[in-house]
Amino acid sequence: MSLINDLLSLHLSDSTENVIAEYIWIGGSGKDLRSKARTLPELVPDPHALPKWNFDGSSTGQAPGEDGEIILYPQAIFRDPFRRGKNILVMCDAYTPSGEAIPTNKRFNATKIFSHPDVVAEEPWYGIEQEYTILQKDIRWPIGWPVGGFPPPQGPYYCGVGAEKAFGRDIANAHYKACVYAGINISGINGEVMPGQWEFQVGPVVGISAADELWVARYILERITEIAGVVLSFDPKPIEGDWNGAGAHTNFSTKSMRYDGGIDVIKNAIKKLSLWHKEHISEYGEDNERRLTGRHETADINTFSWGVGNRGASIRVSRDTEKAGKGYFEDRRPASNMDPYVVTSMIAETTILWKPT
Ligand code: ADP
Ligand code: MN
Ligand code: MN
Ligand code: MN
């Protein structure tokens, strides 16, 4: 193994200008991540100056017809925490050879919303809390849980420490550092209410970059769990019964919400969200009805509600925001498996662009 490790830690820049770029894209399910690597003659800082590339869409469930070729457009560059040095991760979106966004390319529509002058002027910030569950390989049962059985009930696990309370901390920590290295605005991590479940937060990040960063953070987590031989799950309710589900709370503010008097803008935005509740829920992640039961710190999926400091509401305004009269709100409805391109752009569209008649 030591020779392999020596080779893995080779510094390419000691001997060549070449860099390795790992091109990442979202696969046919709209949730799976795919990637492949290529050599570039030198490091280019602008993603749009990187070469486009292609892949075989018939192998990812993304081929529309006879011709399975799909084109990858580089959109955002991160440092590669696995290959290190000058090597990079490249988040891409996908198009047909004639230049049309393919159906799973949700980024394309999101950029239309985020490049609208009214949205740009409001500098929308997002902080996304990504919850996830780590499963034992082969049996797909949470790590730290006895095989064929259950751990003691919830209570000691949230932000817990100790061998009977925190399972998978090294994975969460390795991911945290790798994200900081990559250039992702990861703001923190914590152990969750359900044992074997963790959370990381990305944000605040402006506009389309929030979703780019969240997708790459998910990619890095898939790679780390791959190395560790455990299974990453974004199922919104991995275990039925008295166990918390996994969400992706989306914290949001605009310039006018962050400015004096912002609380009124926040209340107005919440009012608008209430009128689009059904439409948002239908895009906020698959199987979310198993999670949004009205129990376990969730609101019922069919009922829109909001409140200050209320973790059982669809939307929560923090006490700090109420006190300051400005700040942000938290949309607690998105499931852990949501597409952040869809969720972030919908929130901007409804609260900034949509005008009630
Ligand atoms: P919770 O109390 O719900 O667990 P977290 O601390 O996990 O909240 O996550 C809050 C997220 O909101 C963080 O990613 C943080 O960076 C982000 N955030 C903070 N201020 C703002 C803001 N003004 N607009 C949008 N997001 C914000
Ligand atoms: Mn949190
Ligand atoms: Mn949480
Ligand atoms: Mn939260």
* **Residues of the stretch 175-190 satisfying the condition of being within 12 Å of ligand 1 (Cβ to nearest atom) and farther than 10 Å from Ile220 by Cβ** => Asn185, Ser187, Gly188, Ile189, Asn190
* Structure fact -> Checked pairs for the stretch 192-207, first closer than 26 Å to Asp242 by Cβ and in a strand (DSSP E or B), second among the hydrophobic types (A, V, I, L, M, F, W, C) and more than 8 Å from ligand 1 (Cβ to nearest atom), C-beta under 7 Å and 6 or more apart or across chains, list as Gln197/Ala246; Trp198/Ala172; Trp198/Ile189; Glu199/Ile189; Phe200/Ile186; Phe200/Ile189; Phe200/Ala217; Gln201/Ile186
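Residues checked against (1) touching a residue at least 12 places away in the same chain (Cβ under 8 Å); (2) away from ligand 2 (no atom under 13 Å from the Cβ); (3) β-branched (Val, Ile, Thr):
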position: Gln130; (1), (2), (3): yes, no, no
position: Ile139; (1), (2), (3): no, yes, yes
position: Tyr158; (1), (2), (3): yes, no, no
position: Tyr176; (1), (2), (3): yes, yes, no
position: Cys179; (1), (2), (3): yes, yes, no
position: Ile186; (1), (2), (3): yes, no, yes
position: Asp212; (1), (2), (3): yes, yes, no
* Asked: Looking at Thr133, Thr111, which is the one that is among the β-branched types (Val, Ile, Thr) and within 16 Å of ligand 3 (Cβ to nearest atom)?
  -> Thr133
* Filtered residues of the stretch 87-132 (kept if in a loop (DSSP other than H, G, I, E, B), touching a Lys or Arg at 6+ places or on another chain (Cβ under 9 Å) and buried (at least 19 other Cβ atoms within 10 Å of the Cβ)) -> Asn87, Glu122, Pro124
* Asked: In the set Ala178, Ala217, Ala210, which member is assigned to a helix (DSSP H, G or I), of a type outside the set (Asp, Glu) and within 16 Å of ligand 3 (Cβ to nearest atom)?
  -> Ala217
* Looking at the stretch 303-320, which of its residues are under 23 Å from the mean Cα position of the chain (by Cα) and of a type outside the set (A, V, I, L, M, F, W, C)? -> Arg311, Gly312, Ser314, Arg316, Ser318
* Structure fact -> Sole miss for Val216 among (1) β-branched (Val, Ile, Thr); (2) over 14 Å from the mean Cα position of the chain (by Cα); (3) within 19 Å of Pro334 (Cα to Cα) is condition (2)
* Asked: If you check Gly245, Gly261, Gly294, Gly309, which single one turns out to be small (Gly, Ala, Ser), surrounded by fewer than 21 Cβ atoms within 10 Å (Cβ to Cβ) and within 16 Å of ligand 2 (Cβ to nearest atom)?
  -> Gly309
* **Single residue of Tyr181, Tyr158 found to be at pLDDT 95 or above, over 21 Å from Val90 (Cα atoms) and surrounded by 14 or more Cβ atoms within 10 Å (Cβ to Cβ)** => Tyr158
* Residue ID - surrounded by the most Cβ atoms within 10 Å (Cβ to Cβ), chosen from residues in the stretch 1-44 that are farther than 23 Å from Trp215 by Cα and hydroxyl-bearing (Ser, Thr, Tyr) -> Ser13
* Could you check Phe55 against (1) in contact with a helix residue (DSSP H, G or I) (Cβ under 8 Å, 6 or more places away or on another chain); (2) assigned to a strand (DSSP E or B); (3) over 21 Å from Lys86 (Cβ atoms) and say which number it fails? => (1)
* Structure fact -> So, first residue touching a residue at least 24 places away in the same chain (Cβ under 8 Å) and among the hydroxyl-bearing types (Ser, Thr, Tyr) in the stretch 325-352, second residue in a loop (DSSP other than H, G, I, E, B) and buried (at least 24 other Cβ atoms within 10 Å of the Cβ), Cβ within less than 6 Å, six or more apart or across chains; the pairs are Ser336/Pro236; Ser336/Ala246; Ser336/Ala248
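The values are calculated or read from the model by the stated rules, or taken from the named source; none is laboratory data. Please read these numbers as outputs of a predicted model, since none were measured by experiment. All Cβ positions, even for glycine, are placed from backbone atoms using ideal geometry, and neighbour counts span all protein chains on display.
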